[in-house]
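The values are calculated or read from the model by the stated rules, or taken from the named source; none is laboratory data. Because the structure is a prediction, the values reported are computed rather than measured. Cβ placement follows ideal geometry from the backbone for every residue including glycine, while neighbour counts extend to all protein chains displayed.
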């Protein structure tokens, strides 16, 4: 199956998947698709049909049809061929059967996990940075269930996407040792060592020099909403995106984007409330991954210690 991937970065959203995919793509024996997120495995029966802000972008850019998806990998000689759609983790009921049916035998999966409150807050900052009127973090959380019922995309499911236990358990059951769990905070503390661990898991040379400490897709809220809106318009035009990618190096694009972002922090009361709501799922997650996660403030604050 030379036209099928043999590794996937499956999520979680806003946990460093874009950075990891970028680093892996620099390895001579690893190929990562462009786009990094075809979204096909989560929607193998025809593609997403979301509504709400930002829906047109994912609806339009998602790869539809098995032939088009396989075409992303066709003719690639690299030892490892993969993609990095975070929607794969979001929709396990659809994506796990699709992986079994469409990916190469023995396909390996990498998942990055981040403190769930920080991940949810980063998702909210992402929405703001894309020019969407997301309101406050608390308002966005309060509207989540209603928006989900109305058909808004997973981008707006701040709390649900941080419930890793319920999403990851079926992947762990289905793929066992072919699933590698990477903790984003540990990657940030030791990028070279953690990248070596991922490369060794993929069975490629872990000693290829790659700068895994460089910033990629950093989070934050826009200093100028007008600039954020203009950048989002560029992203919505496939022709403009291709032109920018061809003319502006990735690192330069990242510096331009980051210059318009500033960091904010979660309100302490909101952090405590969310951590408590995640406590049961975090206990389940620690059993699934077989390790203590008290390195996360949410585990300690929510009383989810193993």
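Restricting to the range 135-152, name every residue that is more than 11 Å from residue 52 (Cα to Cα) and without any contact (Cβ under 8 Å) to a residue 24 or more places away in the chain.
Across the range 135-152, the qualifying residues are 135, 136, 139, 140, 142, 143, 144, 145, 146, 149.
Kindly indicate the residue of the range 249-281 that is within 20 Å of the chain's Cα centre (by Cα) and assigned to a helix (DSSP H, G or I) and also modelled with the lowest pLDDT among those meeting that condition.
Residue satisfying both the conditions and the ranking: 257.
Against the definition (in the same structural domain as residue 296 (by TED's automatic domain parsing) and crowded, with 21+ Cβ neighbours inside 10 Å), how does residue 168 come out, yes or no?
So residue 168 fits the description; yes.
Which of the residues belonging to the range 282-306 are surrounded by fewer than 22 Cβ atoms within 10 Å (Cβ to Cβ) and outside any loop (DSSP other than H, G, I, E, B)?
If the condition is that a residue be surrounded by fewer than 22 Cβ atoms within 10 Å (Cβ to Cβ) and outside any loop (DSSP other than H, G, I, E, B), then 283, 284, 286, 287, 288, 289, 297, 300, 301 are the ones that fit.
For the range 107-118, check the following and say yes or no: at least one residue is surrounded by 15 or more Cβ atoms within 10 Å (Cβ to Cβ), over 18 Å from the mean Cα position of the chain (by Cα) and either under 20 Å from residue 33 (Cα atoms) or modelled with pLDDT of 95 or more (or both).
yes
Yes or no, residue by residue, for (1) surrounded by 20 or more Cβ atoms within 10 Å (Cβ to Cβ); (2) assigned by TED's automatic domain parsing to the domain that holds residue 209; (3) closer than 14 Å to residue 102 by Cα:
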residue: 11; (1), (2), (3): yes, yes, no
residue: 15; (1), (2), (3): yes, yes, no
residue: 30; (1), (2), (3): yes, yes, no
residue: 57; (1), (2), (3): no, yes, no
residue: 62; (1), (2), (3): yes, yes, no
residue: 69; (1), (2), (3): yes, yes, yes
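Assuming residue 77 fulfils every condition listed in (1) surrounded by fewer than 21 Cβ atoms within 10 Å (Cβ to Cβ); (2) touching a residue at least 12 places away in the same chain (Cβ under 8 Å) apart from one, which condition is it?
Tallying (1) surrounded by fewer than 21 Cβ atoms within 10 Å (Cβ to Cβ); (2) touching a residue at least 12 places away in the same chain (Cβ under 8 Å), residue 77 fails exactly one: (2).
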